[in-house]
1. Taking Cα centroids, how far is the stretch A:66-102 from the stretch B:185-209 in Å?
2. If packing is taken as the average count of other Cβ atoms within 10 Å, what order do A:63-72, B:144-153 fall into, highest mean first?
3. Students often forget the sequence filter, so: which lysines lie under 19 Å Cα-Cα from B:Lys256 once same-chain residues fewer than 8 apart are removed?
4. Would you mind computing, in nm to one decimal, how far apart the modelled labels at B:Ser36 and B:Ile140 are, each placed 7 Å from Cα along Cα→Cβ?
5. What list do you get for B:Leu76, B:Leu191 if you sort them by fewest beta carbons within 10 Å?
6. Partner chain Cβ atoms within 10 Å, averaged over the residues of A:63-72 - can you pull that number for me?
7. Can you tell me the length gained on complete extension of the stretch B:Met163 to B:Ile224, counting 0.36 nm per residue apart and subtracting the Cα distance?
8. Treating only the Cβ of Lys, Arg, Asp and Glu as charged (+1, +1, -1, -1), what charge dipole size does the protein assembly as shown show about its Cα centre? Round to the nearest 20 debye.
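Bear in mind that the values in this text are calculations on the coordinates, not laboratory data. Bear in mind that the values here come from a model prediction, so they are computed numbers and not experimental data. Glycine gets a Cβ as well: all are built from the backbone with ideal geometry, and neighbour counts include every protein chain shown.
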Amino acid sequence: MNTFLLRVIILFSLSILAFNVKAAPVFELTIQQHLFYPAELVIPADTKVKLIIKNQDDTAEEFESYELNREKVIPGQSSGVIFIGPLPAGSYPFFGEFFPKTAQGKIIVK
Amino acid sequence: MLINAVVIVLREVLEASLIMSLFLAYSQHVTVSRLSLLFGIVLGGLFAWAYAVHISTVSNWFDGVGQEVINAGLQLAIYFVLLGFITQALIGVSRPIERITLISLMVLGIVLASIREGSEIVLFITGFSSAPDLLQPVLIGSAIGAGIGISVGVCIYYLLVTMSFKNSVRVGYVLTLLIAAAMISQVVQQLIQADWIVSEYPLWDTSNWINERSITGQLLYALIGYEATPTPIQVTAYFSAIAMIVFVSFYQISRKTK
């Protein structure tokens, strides 16, 4: 590939990376017996939030929410970090994709 | 549990299967050995397994967002492989070096796609080793899901190879373009989730029109990276990704006709 193409590619890759360094309030969710605790989590509106999800089961779980546009696998006996928001007030359902029958919850933004 | 396993595995297999069918169809037209592509699946599968085994370690990288960063990296790499594939296909494969480049790109693409999609399947299934009573329905469901996903790929493959060469190149080009752009949209999504890219309010909400949960929504997600509530930066990146491939294509075509 010639240098011109290479330049286009590098510029393009850089353009989609922008860093953001504000500290976000931390909230925690726990997975136990394929259930989320708390099943309803209240977070502030228009604020970016750091969500720590602790999976205390042996099985992996995937935190998924179409409304929040988030999905992440949390391996068994470990934890994961997801950033959500800033969001307008409302109710945003989420579920565990691997055990969707029981692992259900909501993020309430107030 | 069974239906759930079908859906999860189908979703993962579908994307890799689409890329695979495009490459296989192209190999058919230019008579490239398909054994090398099979090698890509096996290699990708092994890497996927290794990635899944070490997922807890990877997750802790970059302050707990290692998974997002690695996944974004894999998908960004898939985008550039598809860009390279289109470029090389336009340049042609008459010389040995060009053939080798094209085959390498295809194998690399398959390895990357297999790692990305395969690792999630491995994590899902191996999680049930501690729940033996659920393992059987999960395995059956996974097999059905994989079967459907592969069948869709096979359908697209036959659709492409039974067309005239001109038409199959056109359809294949558009499909590759859409899949590549979907990759970039997912890269942005992953990096927003990791807080590496600033999060914004969605540009629009089409969830009442096509819900992401619906079958149509899932299919569109695999094919064009459909999101009901994309952020402005995601939409911009998506169309820039398309623009770049189209630009590079025109550049190659104009160079060839000179």
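1. One Cα centre to the other: 14 Å.
2. Output ranking for A:63-72, B:144-153: A:63-72, B:144-153.
3. The reachable lysines, counting only those whose Cα sits under 19 Å from B:Lys256, are B:Lys166.
4. Output for this residue pair reads 4.2 nm.
5. B:Leu76, B:Leu191
6. 4
7. Length gained, B:Met163 through B:Ile224: 19.8 nm.
8. The dipole of the protein assembly as shown has a size of about 1520 debye.
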